[in-house]
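The values are calculated or read from the model by the stated rules, or taken from the named source; none is laboratory data. Fair warning: this is a prediction, and the values are worked out from it, not measured in the lab. No Cβ is skipped: glycine too gets one built from the backbone with ideal geometry, and neighbour counts run over all protein chains shown. What goes into the accessible areas is simple: the full protein's heavy atoms, side chains included, and nothing from ligands, DNA or RNA. Shrake-Rupley method; radii C 1.70, N 1.55, O 1.52, S 1.80 Å.
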Amino acid sequence: MTFTFLPLIRNDYWVFRVFDYPRLQKLFLNISAVVLLLTCYSGPAIYKQLQLLALCINITYLLWLIIPFTPFGKKQVLRAGPVNQLKSLSIMIANVLQTNHNTKGCLNEIAKTDPDVVILLEANKRWDTETRSLKEKYPYAERVPLENMYGLLLYSKLEMSETSTQYLVENDIPSIHTKIKLRNGQLVQFYAVHPTPPVPGENVRATERDKELLLVADLAKQSPLPVIVAGDLNDVAWSHTTDLFLKMSGLLDPRRGRGFFNSFNAHHFFLRFPLDHAFISRHFKVTTLKRLNNYDSDHFPIFLQVQLDDDACLEQQPLQADQEDIEEAVEKKKKTT
């Protein structure tokens, strides 16, 4: 129970934040504990009943947190009608793992999926060089190869404009900001991001990650255009930070009501979390959301196709921020990193 309720303590230190991630795993362990208690425990009945009560409370709380991200939950983003290529945009988000040498596998997955936009994260100079053939099909690009596990390569079939690389919080952690012109001429404000996680060896606090996400949330909220924020956010879909980001940005999560689409860790099935995301403004509905095949990275790629819809803004509602949320966001953005 301690690991379940630790994230309720609003402390940025990694010990509190990291336990936001394994909610499915905690649910499985709690259910296993109930089974073992019922079948193997032979101690005093009162202790058994108290432990069962505590475990049931824990399971109920975890289910309440998780169900919105299953097909039993309410969809935050509705399904689009028939595909209209003039109004649609497809994205492949791929954390390639900097030390992974299977660039051919990555390129094959891109060719098979044929997205309009490709985001390659953790791309260093070798990845930049070995994927340069994408320029043939993706003439618009912003490439920021780095050797620190936070390089970004953004490729697009569609015209990009006002493109820039920003370092919003840390001077070696880039994000790419650009406008993408759809086939019908509509501009879309696009942000590719990859903030650092709260883990020992990188950042022991979630301060930097939370601050960057909330700064991007402000940009998204202020944009007069349809908006997409995509990348490896190093945060799970159900965390308090993601909820706060959605409230402050006004964006929607297409995962809600559809499934987990766990993208990390591709090598260990029991340690998988949804870390790679695409959040969209109310202007869009979803055509396709799926997890793609792995090519030796520790992340599965995620594919999303969305489509502009004239009625979407009336039919879809973002989460609403209250005064406490606003004050928390202001405080997080003021923190020194």
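When the surface is traced with a 1.4 Å probe over the full set of protein chains, VAL229 keeps roughly 0 Å² accessible.
Rounded to the nearest 0.05, the FRET efficiency derived from the C-beta distance between LYS290 and ASN108 at R0 = 22 Å is 0.85.
Accessible area per residue for the range 24-139, computed on protein heavy atoms with a 1.4 Å probe, is 53 Å².
Over the range 216-256, accessible surface divided per residue gives 21 Å², non-protein components excluded, 1.4 Å probe.
Within a straight-line Cα-Cα reach of under 27 Å, LYS48 can be paired with the following lysines, leaving aside sequence neighbours fewer than 8 residues apart in one chain: LYS26.
Report the antiparallel proportion of the DSSP beta bridges in the chain as a percent, rounded to a multiple of 5. In the chain, DSSP labels about 80 percent of beta bridges as antiparallel.
For trypsin sites (Lys or Arg not before Pro), the sites in the range 24-76 that DSSP calls loop and that have at most 10 other Cβ atoms within 10 Å are LYS74. Under 18 Å from a point 7 Å along the Cα-to-Cβ line of ASP325: which residues of the range 257-277 have their amide N that close? Flagged as within label range: 257.
Model label points for TYR41 and ARG183, set 7 angstrom from Cα along the Cα-to-Cβ axis, are 6.0 nm apart.
Across the accessible surface of the chain, with the other protein chains kept in place and a 1.4 Å probe, carbon and sulfur atoms take up 57 percent.
For the chain, the relative contact order is 20 percent, taking Cα pairs closer than 8 Å that sit 6 or more residues apart in sequence and dividing their mean separation by the residue count. Estimated at the nearest 10 Å², the accessible area of THR60 is 90 Å² with a 1.4 Å probe. In plain terms, the C-alpha convex hull of the range 157-201 casts an average shadow of 4.2 nm² when viewed from every direction. Out of all DSSP beta bridges with both ends in the range 161-268, state the antiparallel percent to the nearest 5. Bridges in the range 161-268 are about 65 percent antiparallel.
FRET efficiency for the GLU130 to VAL199 pair, using the beta carbon distance and R₀ = 22 Å, is estimated at 0.20. Taking amide H positions as modeled 1.01 Å from N, with prolines and chain starts lacking one, the residues under 5 Å from TYR140 and 5 or more places away or on another chain are SER156.
Under 30 Å of direct C-alpha separation, and excluding same-chain neighbours fewer than eight residues apart, LYS335 reaches these lysines: LYS179, LYS211, LYS221, LYS247.
Where both bridge residues fall in the range 85-169, DSSP classifies roughly 65% of the beta bridges as antiparallel.
Solvent-free Debye calculation, one equal scatterer per alpha-carbon of the chain: log10 I(q)/I(0) at 0.09, 0.10, 0.12 Å⁻¹ equals -0.48, -0.59, -0.84.
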